[in-house]
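Just below is one structure, and these are the notes that go with it.
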Amino acid sequence: MTAAQTESRPLSGGAAPTTTNTGRRAWTVTGLLVVFMMVNFADKSVLGLAADEIRTDLGLTATQFGLANSAFFLLFSLSGALVGLLLADRVKAKWLLLTMAVLWSLAQIPPAIGGGLAVLIGSRLVLGAAEGPAFPVAQQTALSWFPDHRRNLPGALVTLGVTLGVITAAPGLTWVIQEHGWRAALWVVAGVGAVWAAVWAAFGGDGTFRTDDTPARDKPTGPEAATAPDAAATGPEAVTASDAAPGYHRVLATRTWIGITLAYFASYWIVGLMVAWLPSYLRNGLGYAADTAGALVVTPWAVGAVVLLGQAVLTGRLMRRGVGSRTARGRVGGVMLLIGAVSLFCVPLVDSATTKTVLLALGLGMGGSYATIAATTIAELSPPRRRGGALGTMNAVVTTAGLIAPVVVGRLIDTQGDAGYEHAVLLSGALLCLGALASLTLVDPARDAARLRLHSRT
(Lines give C-alpha, C1' and ligand atoms only; values in the text may rest on other atoms or scores of the structure.)
Protein backbone atom coordinates (compact mmCIF):
# COMPACT_ATOMS: atom_id res chain seq x y z
CA MET A 1 0.00 0.00 0.00
CA THR A 2 1.36 3.42 -0.94
CA ALA A 3 1.55 6.35 1.42
CA ALA A 4 -1.07 8.16 -0.66
CA GLN A 5 -3.43 5.24 -0.31
CA THR A 6 -2.84 5.09 3.42
CA GLU A 7 -3.75 8.77 3.74
CA SER A 8 -6.90 8.29 1.70
CA ARG A 9 -8.39 5.78 4.15
CA PRO A 10 -9.72 6.51 7.61
CA LEU A 11 -8.20 5.09 10.74
CA SER A 12 -9.93 2.09 12.22
CA GLY A 13 -13.08 3.19 13.97
CA GLY A 14 -13.00 6.62 12.33
CA ALA A 15 -15.62 8.19 10.12
CA ALA A 16 -16.06 6.68 6.69
CA PRO A 17 -15.01 8.81 3.71
CA THR A 18 -18.63 9.09 2.61
CA THR A 19 -19.41 10.87 5.87
CA THR A 20 -16.27 13.01 5.95
CA ASN A 21 -16.46 13.96 2.29
CA THR A 22 -20.01 15.27 2.48
CA GLY A 23 -19.43 17.19 5.68
CA ARG A 24 -18.48 20.71 6.53
CA ARG A 25 -14.80 20.38 5.63
CA ALA A 26 -15.58 19.18 2.11
CA TRP A 27 -17.79 22.18 1.43
CA THR A 28 -15.39 24.60 3.11
CA VAL A 29 -12.61 23.48 0.79
CA THR A 30 -15.00 23.62 -2.18
CA GLY A 31 -15.93 27.19 -1.23
CA LEU A 32 -12.27 28.21 -1.07
CA LEU A 33 -11.70 26.66 -4.48
CA VAL A 34 -14.63 28.63 -5.88
CA VAL A 35 -12.94 31.82 -4.65
CA PHE A 36 -9.64 30.52 -6.06
CA MET A 37 -11.18 30.36 -9.54
CA MET A 38 -12.75 33.79 -9.03
CA VAL A 39 -9.31 35.27 -8.38
CA ASN A 40 -7.90 33.25 -11.28
CA PHE A 41 -10.25 34.81 -13.80
CA ALA A 42 -10.10 38.27 -12.30
CA ASP A 43 -6.35 38.13 -13.00
CA LYS A 44 -7.00 37.17 -16.60
CA SER A 45 -9.80 39.66 -17.22
CA VAL A 46 -7.87 42.82 -16.35
CA LEU A 47 -6.33 43.20 -19.80
CA GLY A 48 -9.64 42.69 -21.59
CA LEU A 49 -11.43 45.21 -19.37
CA ALA A 50 -8.66 47.75 -19.96
CA ALA A 51 -8.11 46.95 -23.65
CA ASP A 52 -8.71 50.45 -25.01
CA GLU A 53 -6.82 52.15 -22.17
CA ILE A 54 -3.80 49.85 -22.55
CA ARG A 55 -3.73 50.19 -26.33
CA THR A 56 -3.89 54.00 -26.04
CA ASP A 57 -1.33 54.21 -23.22
CA LEU A 58 1.19 51.89 -24.87
CA GLY A 59 0.38 52.71 -28.51
CA LEU A 60 -0.51 49.13 -29.49
CA THR A 61 -2.28 47.82 -32.57
CA ALA A 62 -5.06 45.26 -32.14
CA THR A 63 -2.68 42.51 -33.24
CA GLN A 64 -0.05 43.58 -30.69
CA PHE A 65 -2.65 43.67 -27.96
CA GLY A 66 -3.83 40.25 -29.05
CA LEU A 67 -0.23 39.05 -28.81
CA ALA A 68 -0.01 40.30 -25.22
CA ASN A 69 -3.14 38.32 -24.37
CA SER A 70 -1.85 35.25 -26.19
CA ALA A 71 1.45 35.43 -24.30
CA PHE A 72 -0.52 34.42 -21.22
CA PHE A 73 -1.30 31.08 -22.85
CA LEU A 74 2.17 30.38 -24.26
CA LEU A 75 3.38 28.66 -21.07
CA PHE A 76 -0.14 28.14 -19.71
CA SER A 77 -0.65 24.93 -21.68
CA LEU A 78 2.88 23.61 -21.12
CA SER A 79 2.81 24.17 -17.37
CA GLY A 80 -0.64 22.62 -17.16
CA ALA A 81 0.62 19.45 -18.82
CA LEU A 82 3.86 19.27 -16.83
CA VAL A 83 2.21 19.82 -13.47
CA GLY A 84 -0.55 17.39 -14.38
CA LEU A 85 1.81 14.62 -15.44
CA LEU A 86 4.69 15.15 -13.00
CA LEU A 87 3.22 16.69 -9.85
CA ALA A 88 -0.59 16.56 -9.63
CA ASP A 89 -0.67 12.87 -8.66
CA ARG A 90 2.43 13.07 -6.43
CA VAL A 91 2.39 16.40 -4.55
CA LYS A 92 -0.41 17.46 -2.24
CA ALA A 93 -2.80 19.79 -4.03
CA LYS A 94 -2.80 22.13 -1.03
CA TRP A 95 0.81 23.14 -1.71
CA LEU A 96 0.40 23.26 -5.49
CA LEU A 97 -2.53 25.65 -5.20
CA LEU A 98 -0.78 27.79 -2.60
CA THR A 99 2.31 28.12 -4.81
CA MET A 100 0.19 29.11 -7.79
CA ALA A 101 -1.67 31.82 -5.89
CA VAL A 102 1.56 33.37 -4.59
CA LEU A 103 3.07 33.40 -8.09
CA TRP A 104 -0.06 35.04 -9.52
CA SER A 105 0.25 37.93 -7.13
CA LEU A 106 3.95 38.40 -7.79
CA ALA A 107 3.44 38.31 -11.58
CA GLN A 108 1.11 41.33 -11.46
CA ILE A 109 3.69 43.60 -9.87
CA PRO A 110 6.12 44.47 -12.76
CA PRO A 111 3.50 45.94 -15.13
CA ALA A 112 1.76 47.56 -12.16
CA ILE A 113 5.01 49.44 -11.47
CA GLY A 114 5.58 50.51 -15.09
CA GLY A 115 7.03 49.47 -18.44
CA GLY A 116 5.73 48.90 -21.93
CA LEU A 117 4.75 46.00 -24.18
CA ALA A 118 7.79 43.87 -23.30
CA VAL A 119 7.10 44.08 -19.56
CA LEU A 120 3.43 43.36 -20.15
CA ILE A 121 4.23 40.28 -22.24
CA GLY A 122 6.80 39.03 -19.72
CA SER A 123 4.31 39.42 -16.88
CA ARG A 124 1.62 37.54 -18.80
CA LEU A 125 4.07 34.73 -19.58
CA VAL A 126 4.80 34.23 -15.88
CA LEU A 127 1.14 34.60 -14.94
CA GLY A 128 0.15 32.02 -17.56
CA ALA A 129 2.75 29.55 -16.34
CA ALA A 130 1.46 29.93 -12.78
CA GLU A 131 -2.21 29.65 -13.76
CA GLY A 132 -1.87 26.82 -16.27
CA PRO A 133 -2.52 23.99 -13.81
CA ALA A 134 -5.09 25.95 -11.78
CA PHE A 135 -8.35 24.59 -13.13
CA PRO A 136 -7.45 20.88 -13.32
CA VAL A 137 -5.76 20.91 -9.90
CA ALA A 138 -8.69 22.81 -8.36
CA GLN A 139 -11.15 20.37 -9.92
CA GLN A 140 -9.09 17.37 -8.83
CA THR A 141 -8.97 18.75 -5.28
CA ALA A 142 -12.70 19.45 -5.08
CA LEU A 143 -13.64 16.08 -6.59
CA SER A 144 -11.31 14.32 -4.16
CA TRP A 145 -13.76 15.17 -1.37
CA PHE A 146 -16.74 13.46 -3.05
CA PRO A 147 -17.59 10.05 -4.57
CA ASP A 148 -18.40 9.99 -8.30
CA HIS A 149 -22.18 10.23 -7.99
CA ARG A 150 -21.87 13.42 -5.88
CA ARG A 151 -19.28 15.24 -8.02
CA ASN A 152 -21.49 17.15 -10.44
CA LEU A 153 -22.42 19.96 -8.01
CA PRO A 154 -18.94 20.64 -6.52
CA GLY A 155 -17.44 20.38 -10.01
CA ALA A 156 -19.97 22.88 -11.30
CA LEU A 157 -19.38 25.23 -8.36
CA VAL A 158 -15.62 25.31 -8.95
CA THR A 159 -16.24 26.05 -12.62
CA LEU A 160 -18.82 28.64 -11.57
CA GLY A 161 -16.00 30.44 -9.78
CA VAL A 162 -14.77 31.49 -13.21
CA THR A 163 -18.09 33.17 -13.91
CA LEU A 164 -18.36 34.71 -10.48
CA GLY A 165 -14.84 36.08 -10.89
CA VAL A 166 -15.87 38.03 -13.96
CA ILE A 167 -19.27 39.05 -12.56
CA THR A 168 -17.74 40.46 -9.39
CA ALA A 169 -14.51 41.76 -10.91
CA ALA A 170 -15.76 43.40 -14.11
CA PRO A 171 -17.75 46.29 -12.59
CA GLY A 172 -15.26 46.89 -9.78
CA LEU A 173 -12.14 46.69 -11.92
CA THR A 174 -13.76 48.80 -14.64
CA TRP A 175 -14.34 51.51 -12.02
CA VAL A 176 -10.73 51.24 -10.82
CA ILE A 177 -9.46 51.44 -14.40
CA GLN A 178 -11.61 54.49 -15.20
CA GLU A 179 -10.81 56.32 -11.95
CA HIS A 180 -7.24 55.27 -11.16
CA GLY A 181 -5.80 53.70 -14.31
CA TRP A 182 -5.24 50.15 -15.51
CA ARG A 183 -2.02 49.68 -13.51
CA ALA A 184 -3.93 50.28 -10.26
CA ALA A 185 -6.23 47.39 -11.21
CA LEU A 186 -3.19 45.09 -11.31
CA TRP A 187 -2.34 46.06 -7.72
CA VAL A 188 -5.89 45.21 -6.67
CA VAL A 189 -5.86 41.68 -8.11
CA ALA A 190 -2.36 41.09 -6.72
CA GLY A 191 -3.57 41.96 -3.23
CA VAL A 192 -6.65 39.75 -3.49
CA GLY A 193 -4.50 36.82 -4.59
CA ALA A 194 -2.21 37.26 -1.62
CA VAL A 195 -5.14 37.28 0.81
CA TRP A 196 -6.54 34.07 -0.69
CA ALA A 197 -3.16 32.36 -0.38
CA ALA A 198 -3.03 33.17 3.34
CA VAL A 199 -6.55 31.78 3.94
CA TRP A 200 -5.83 28.63 1.92
CA ALA A 201 -2.63 27.98 3.86
CA ALA A 202 -4.75 27.89 7.02
CA PHE A 203 -7.83 25.98 5.84
CA GLY A 204 -7.08 24.19 2.55
CA GLY A 205 -6.48 20.47 2.12
CA ASP A 206 -6.84 17.28 0.06
CA GLY A 207 -9.84 14.94 0.22
CA THR A 208 -9.90 11.23 1.01
CA PHE A 209 -11.04 10.21 -2.48
CA ARG A 210 -7.91 11.60 -4.09
CA THR A 211 -6.33 8.18 -4.74
CA ASP A 212 -9.23 5.83 -4.09
CA ASP A 213 -12.80 6.15 -5.37
CA THR A 214 -14.18 3.34 -3.19
CA PRO A 215 -16.01 4.47 -0.03
CA ALA A 216 -14.86 2.72 3.12
CA ARG A 217 -18.30 1.23 3.73
CA ASP A 218 -18.07 -0.51 0.33
CA LYS A 219 -14.64 -2.03 0.99
CA PRO A 220 -14.62 -5.71 1.98
CA THR A 221 -13.87 -6.59 5.57
CA GLY A 222 -13.05 -9.82 7.30
CA PRO A 223 -11.62 -12.86 5.49
CA GLU A 224 -12.65 -11.69 2.02
CA ALA A 225 -10.64 -8.47 2.39
CA ALA A 226 -7.42 -10.40 1.90
CA THR A 227 -8.42 -11.34 -1.65
CA ALA A 228 -10.02 -8.04 -2.67
CA PRO A 229 -8.44 -6.28 -5.68
CA ASP A 230 -7.32 -3.29 -3.60
CA ALA A 231 -6.63 -5.18 -0.42
CA ALA A 232 -3.75 -3.97 1.68
CA ALA A 233 -0.85 -6.36 1.19
CA THR A 234 2.68 -6.35 2.37
CA GLY A 235 5.93 -7.36 0.80
CA PRO A 236 7.37 -6.62 -2.65
CA GLU A 237 4.79 -8.82 -4.38
CA ALA A 238 1.86 -6.65 -3.24
CA VAL A 239 0.14 -4.86 -6.13
CA THR A 240 -3.00 -2.79 -5.70
CA ALA A 241 -5.62 -2.01 -8.30
CA SER A 242 -4.50 1.60 -8.54
CA ASP A 243 -0.84 0.57 -8.84
CA ALA A 244 -1.84 -1.60 -11.82
CA ALA A 245 -3.64 1.28 -13.53
CA PRO A 246 -3.12 1.50 -17.31
CA GLY A 247 -0.54 3.95 -18.62
CA TYR A 248 -1.36 7.48 -19.64
CA HIS A 249 -1.02 6.55 -23.31
CA ARG A 250 -4.05 4.28 -23.01
CA VAL A 251 -6.14 6.87 -21.16
CA LEU A 252 -5.33 9.63 -23.67
CA ALA A 253 -6.08 7.34 -26.62
CA THR A 254 -9.68 6.63 -25.58
CA ARG A 255 -12.47 8.02 -27.72
CA THR A 256 -13.91 9.72 -24.65
CA TRP A 257 -10.70 11.62 -23.81
CA ILE A 258 -10.32 12.68 -27.45
CA GLY A 259 -13.98 13.70 -27.80
CA ILE A 260 -14.02 15.63 -24.53
CA THR A 261 -10.79 17.43 -25.44
CA LEU A 262 -12.10 18.47 -28.86
CA ALA A 263 -15.39 19.71 -27.40
CA TYR A 264 -13.68 21.53 -24.56
CA PHE A 265 -11.19 23.12 -27.01
CA ALA A 266 -14.12 24.72 -28.85
CA SER A 267 -15.63 25.86 -25.55
CA TYR A 268 -12.32 27.31 -24.34
CA TRP A 269 -12.01 29.27 -27.59
CA ILE A 270 -15.15 31.06 -26.45
CA VAL A 271 -13.58 31.75 -23.06
CA GLY A 272 -10.44 33.18 -24.71
CA LEU A 273 -12.59 35.38 -26.94
CA MET A 274 -14.60 36.71 -24.01
CA VAL A 275 -11.59 37.43 -21.82
CA ALA A 276 -9.56 39.25 -24.47
CA TRP A 277 -12.04 40.94 -26.78
CA LEU A 278 -15.63 40.98 -25.48
CA PRO A 279 -15.31 44.35 -23.65
CA SER A 280 -13.76 45.90 -26.74
CA TYR A 281 -16.47 44.42 -28.99
CA LEU A 282 -19.19 45.88 -26.79
CA ARG A 283 -17.55 49.31 -26.89
CA ASN A 284 -16.29 49.50 -30.47
CA GLY A 285 -18.41 46.95 -32.34
CA LEU A 286 -21.76 47.62 -30.70
CA GLY A 287 -21.24 51.23 -29.59
CA TYR A 288 -21.74 50.99 -25.83
CA ALA A 289 -20.10 53.47 -23.45
CA ALA A 290 -17.23 52.18 -21.31
CA ASP A 291 -19.23 51.93 -18.08
CA THR A 292 -22.16 50.26 -19.86
CA ALA A 293 -19.83 47.79 -21.55
CA GLY A 294 -18.25 47.06 -18.16
CA ALA A 295 -21.67 46.10 -16.85
CA LEU A 296 -22.82 44.19 -19.95
CA VAL A 297 -19.64 42.13 -20.14
CA VAL A 298 -20.92 40.03 -17.26
CA THR A 299 -24.07 38.91 -19.11
CA PRO A 300 -22.54 35.96 -21.01
CA TRP A 301 -20.83 34.86 -17.80
CA ALA A 302 -24.13 35.14 -15.92
CA VAL A 303 -25.83 33.01 -18.57
CA GLY A 304 -22.97 30.56 -18.23
CA ALA A 305 -23.49 30.42 -14.46
CA VAL A 306 -27.14 29.48 -14.90
CA VAL A 307 -26.21 26.90 -17.55
CA LEU A 308 -23.52 25.38 -15.32
CA LEU A 309 -25.86 24.93 -12.38
CA GLY A 310 -28.68 23.71 -14.59
CA GLN A 311 -26.40 21.19 -16.28
CA ALA A 312 -25.14 19.95 -12.91
CA VAL A 313 -28.69 19.43 -11.62
CA LEU A 314 -29.84 17.76 -14.85
CA THR A 315 -26.80 15.51 -15.12
CA GLY A 316 -27.01 14.50 -11.46
CA ARG A 317 -30.73 13.74 -11.74
CA LEU A 318 -30.24 11.67 -14.89
CA MET A 319 -27.42 9.65 -13.35
CA ARG A 320 -29.39 9.00 -10.16
CA ARG A 321 -32.15 7.59 -12.34
CA GLY A 322 -29.69 5.20 -13.95
CA VAL A 323 -29.08 7.10 -17.20
CA GLY A 324 -25.54 6.48 -18.44
CA SER A 325 -22.94 9.24 -18.52
CA ARG A 326 -22.80 8.96 -22.31
CA THR A 327 -26.17 10.73 -22.32
CA ALA A 328 -26.01 12.57 -18.99
CA ARG A 329 -22.64 14.15 -19.77
CA GLY A 330 -21.69 13.69 -23.43
CA ARG A 331 -25.04 14.34 -25.07
CA VAL A 332 -26.16 17.03 -22.64
CA GLY A 333 -22.87 18.84 -23.27
CA GLY A 334 -23.15 18.42 -27.02
CA VAL A 335 -26.62 19.97 -27.07
CA MET A 336 -25.35 22.91 -25.02
CA LEU A 337 -22.61 23.59 -27.57
CA LEU A 338 -25.09 23.32 -30.45
CA ILE A 339 -27.40 25.90 -28.89
CA GLY A 340 -24.42 28.19 -28.44
CA ALA A 341 -23.39 27.76 -32.08
CA VAL A 342 -26.85 28.54 -33.45
CA SER A 343 -27.08 31.67 -31.31
CA LEU A 344 -23.72 32.95 -32.56
CA PHE A 345 -24.63 32.24 -36.19
CA CYS A 346 -27.70 34.48 -35.72
CA VAL A 347 -25.71 37.52 -34.50
CA PRO A 348 -24.87 38.92 -37.99
CA LEU A 349 -28.48 38.39 -39.11
CA VAL A 350 -29.94 41.07 -36.82
CA ASP A 351 -29.39 44.83 -36.76
CA SER A 352 -30.34 45.85 -33.23
CA ALA A 353 -27.43 46.18 -30.81
CA THR A 354 -29.71 44.95 -28.02
CA THR A 355 -30.67 41.80 -29.95
CA LYS A 356 -27.04 41.17 -30.85
CA THR A 357 -26.12 41.49 -27.18
CA VAL A 358 -28.80 38.98 -26.17
CA LEU A 359 -27.66 36.48 -28.82
CA LEU A 360 -24.04 36.96 -27.80
CA ALA A 361 -24.90 36.38 -24.16
CA LEU A 362 -26.76 33.17 -25.00
CA GLY A 363 -24.20 31.90 -27.50
CA LEU A 364 -21.12 32.69 -25.47
CA GLY A 365 -22.75 31.61 -22.22
CA MET A 366 -23.84 28.24 -23.62
CA GLY A 367 -20.67 27.69 -25.62
CA GLY A 368 -18.30 28.54 -22.80
CA SER A 369 -19.90 26.26 -20.19
CA TYR A 370 -18.42 22.86 -21.02
CA ALA A 371 -15.68 22.80 -18.39
CA THR A 372 -17.60 20.93 -15.68
CA ILE A 373 -18.69 18.23 -18.11
CA ALA A 374 -15.10 17.88 -19.27
CA ALA A 375 -13.66 17.60 -15.75
CA THR A 376 -16.24 15.19 -14.34
CA THR A 377 -16.14 12.99 -17.45
CA ILE A 378 -12.35 12.67 -17.34
CA ALA A 379 -12.57 12.00 -13.59
CA GLU A 380 -15.01 9.17 -14.30
CA LEU A 381 -12.93 7.81 -17.15
CA SER A 382 -9.52 7.87 -15.47
CA PRO A 383 -8.26 5.53 -12.74
CA PRO A 384 -7.55 7.59 -9.59
CA ARG A 385 -3.78 7.40 -10.06
CA ARG A 386 -4.04 8.72 -13.62
CA ARG A 387 -6.65 11.40 -12.96
CA GLY A 388 -4.35 14.37 -12.36
CA GLY A 389 -2.30 13.68 -15.48
CA ALA A 390 -5.37 13.06 -17.64
CA LEU A 391 -6.99 16.29 -16.47
CA GLY A 392 -3.76 18.28 -16.77
CA THR A 393 -2.99 17.04 -20.29
CA MET A 394 -6.54 17.72 -21.43
CA ASN A 395 -6.31 21.22 -20.00
CA ALA A 396 -2.95 21.79 -21.71
CA VAL A 397 -4.34 20.85 -25.13
CA VAL A 398 -7.57 22.75 -24.63
CA THR A 399 -6.02 25.99 -23.48
CA THR A 400 -4.04 26.35 -26.69
CA ALA A 401 -7.35 27.81 -27.89
CA GLY A 402 -6.65 30.72 -25.57
CA LEU A 403 -3.23 31.12 -27.21
CA ILE A 404 -4.67 31.23 -30.72
CA ALA A 405 -7.98 33.08 -30.32
CA PRO A 406 -6.76 36.55 -29.19
CA VAL A 407 -4.21 36.84 -32.02
CA VAL A 408 -6.64 35.57 -34.68
CA VAL A 409 -9.34 37.99 -33.54
CA GLY A 410 -6.84 40.86 -33.29
CA ARG A 411 -5.73 40.17 -36.85
CA LEU A 412 -9.34 40.14 -38.06
CA ILE A 413 -9.94 43.53 -36.40
CA ASP A 414 -6.76 45.07 -37.84
CA THR A 415 -7.59 43.91 -41.38
CA GLN A 416 -11.38 44.22 -41.40
CA GLY A 417 -12.17 46.89 -38.82
CA ASP A 418 -15.35 46.46 -36.80
CA ALA A 419 -16.53 43.75 -39.23
CA GLY A 420 -13.76 41.59 -37.83
CA TYR A 421 -15.70 41.21 -34.58
CA GLU A 422 -18.66 39.55 -36.29
CA HIS A 423 -16.42 37.33 -38.41
CA ALA A 424 -14.79 36.20 -35.16
CA VAL A 425 -18.26 35.36 -33.82
CA LEU A 426 -19.04 33.25 -36.91
CA LEU A 427 -15.73 31.43 -36.62
CA SER A 428 -16.52 30.69 -32.99
CA GLY A 429 -19.92 29.28 -33.95
CA ALA A 430 -18.30 26.93 -36.46
CA LEU A 431 -15.87 25.65 -33.83
CA LEU A 432 -18.75 25.04 -31.41
CA CYS A 433 -20.48 22.93 -34.06
CA LEU A 434 -17.40 20.73 -34.39
CA GLY A 435 -17.12 20.46 -30.61
CA ALA A 436 -20.77 19.47 -30.32
CA LEU A 437 -20.28 16.73 -32.90
CA ALA A 438 -17.32 15.35 -30.95
CA SER A 439 -19.26 15.37 -27.69
CA LEU A 440 -22.31 13.68 -29.19
CA THR A 441 -20.47 10.94 -31.05
CA LEU A 442 -17.28 10.11 -29.14
CA VAL A 443 -17.96 10.55 -25.43
CA ASP A 444 -18.86 7.40 -23.48
CA PRO A 445 -16.80 7.28 -20.26
CA ALA A 446 -18.41 4.14 -18.84
CA ARG A 447 -17.48 2.15 -21.94
CA ASP A 448 -13.92 3.42 -22.07
CA ALA A 449 -13.36 3.11 -18.31
CA ALA A 450 -14.35 -0.57 -18.55
CA ARG A 451 -11.82 -1.06 -21.34
CA LEU A 452 -9.12 0.63 -19.27
CA ARG A 453 -9.86 -1.66 -16.33
CA LEU A 454 -9.54 -4.63 -18.67
CA HIS A 455 -6.14 -3.40 -19.87
CA SER A 456 -4.96 -2.97 -16.27
CA ARG A 457 -5.60 -6.66 -15.59
CA THR A 458 -3.78 -7.95 -18.66
Might you check whether a residue that is within 21 Å of Ser428 (Cβ to Cβ), among the basic types (Lys, Arg), over 19 Å from the mean Cα position of the chain (by Cα) and open to solvent by 50 Å² or more (accessible area, probe 1.4 Å) occurs anywhere in region 346-359? no
So for region 374-386 (the condition being at pLDDT 90 or above and either touching a Ser or Thr at 6+ places or on another chain (Cβ under 7 Å) or charged (D, E, K, R) (or both)), does at least one residue qualify? yes
Counting just the residues of region 285-309 that are over 30 Å from Leu157 (Cβ atoms), hydrophobic (A, V, I, L, M, F, W, C) and open to solvent by less than 40 Å² (accessible area, probe 1.4 Å), which one comes out modelled with the highest pLDDT? Leu286
Within region 392-405, how many residues turn out to be open to solvent by less than 10 Å² (accessible area, probe 1.4 Å) and modelled with pLDDT of 85 or more? 4
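Yes or no, residue by residue, for (1) closer than 23 Å to Thr56 by Cβ; (2) among the charged types (D, E, K, R); (3) out of contact with any Phe, Trp or Tyr (no Cβ under 8 Å at 6 or more places or on another chain); (4) modelled with pLDDT of 85 or more:
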residue	(1), (2), (3), (4)
Phe72	yes, no, yes, no
Phe76	no, no, yes, no
Ala93	no, no, yes, no
Met100	no, no, yes, yes
Gly114	yes, no, yes, no
Val119	yes, no, yes, yes
Ser123	yes, no, yes, yes
Ala134	no, no, no, no
Result of the Cβ filter at 8 Å on region 232-259, keeping first residues that are open to solvent by 50 Å² or more (accessible area, probe 1.4 Å) and of a type outside the set (Gly, Ala, Ser) and partners that are at pLDDT 65 or above and not in a helix (DSSP H, G or I), at least 6 apart or interchain, is Arg255/Val443; Arg255/Asp444
What pairs can you find where one residue is in region 91-102 and open to solvent by 40 Å² or more (accessible area, probe 1.4 Å), the other is at pLDDT 85 or above, and their Cβ atoms are less than 7 Å apart, with a gap of 6+ or different chains? Val102/Ala197
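Within region 314-330, how many residues are in contact (Cβ under 8 Å) with a residue 24 or more places away in the chain and open to solvent by 20 Å² or more (accessible area, probe 1.4 Å)?
4
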Tally the residues that are open to solvent by less than 10 Å² (accessible area, probe 1.4 Å) and more than 16 Å from Phe146 (Cα to Cα), restricting the search to region 374-391. 4
Mind checking whether some residue in region 142-153 is aromatic (Phe, Trp, Tyr), in a loop (DSSP other than H, G, I, E, B) and surrounded by 21 or more Cβ atoms within 10 Å (Cβ to Cβ)? yes
Could you figure out which of (1) over 19 Å from Gly333 (Cβ atoms); (2) of a type in the set (Asp, Glu); (3) touching a Pro at 6+ places or on another chain (Cβ under 9 Å) isn't true of Asp414? (3)
In region 355-421, which helices (runs of 4 or more DSSP H) lie fully inside it and hold 3 or more residues that are in contact with a strand residue (DSSP E or B) (Cβ under 8 Å, 6 or more places away or on another chain), hydrophobic (A, V, I, L, M, F, W, C) and touching a residue at least 12 places away in the same chain (Cβ under 8 Å)? none
Condition test on Arg320, is it under 29 Å from Gly128 (Cβ atoms), basic (Lys, Arg) and more than 20 Å from the chain's Cα centre (by Cα)? no
Considering residues that are part of a helix (DSSP H, G or I) and farther than 16 Å from Val166 by Cα, the number found within region 291-347 is 35
With in a helix (DSSP H, G or I), open to solvent by less than 10 Å² (accessible area, probe 1.4 Å) and over 30 Å from Met319 (Cα atoms) as the only criterion, which of Ser439, Ser428 stands out? Ser428
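The values are calculated or read from the model by the stated rules, or taken from the named source; none is laboratory data. For clarity, every value in this text was computed on a predicted model and none was experimentally measured. All Cβ positions, even for glycine, are placed from backbone atoms using ideal geometry, and neighbour counts span all protein chains on display. In case anyone asks, the SASA skips ligands and DNA or RNA and just uses the protein heavy atoms, side chains included. Shrake-Rupley method; radii C 1.70, N 1.55, O 1.52, S 1.80 Å.
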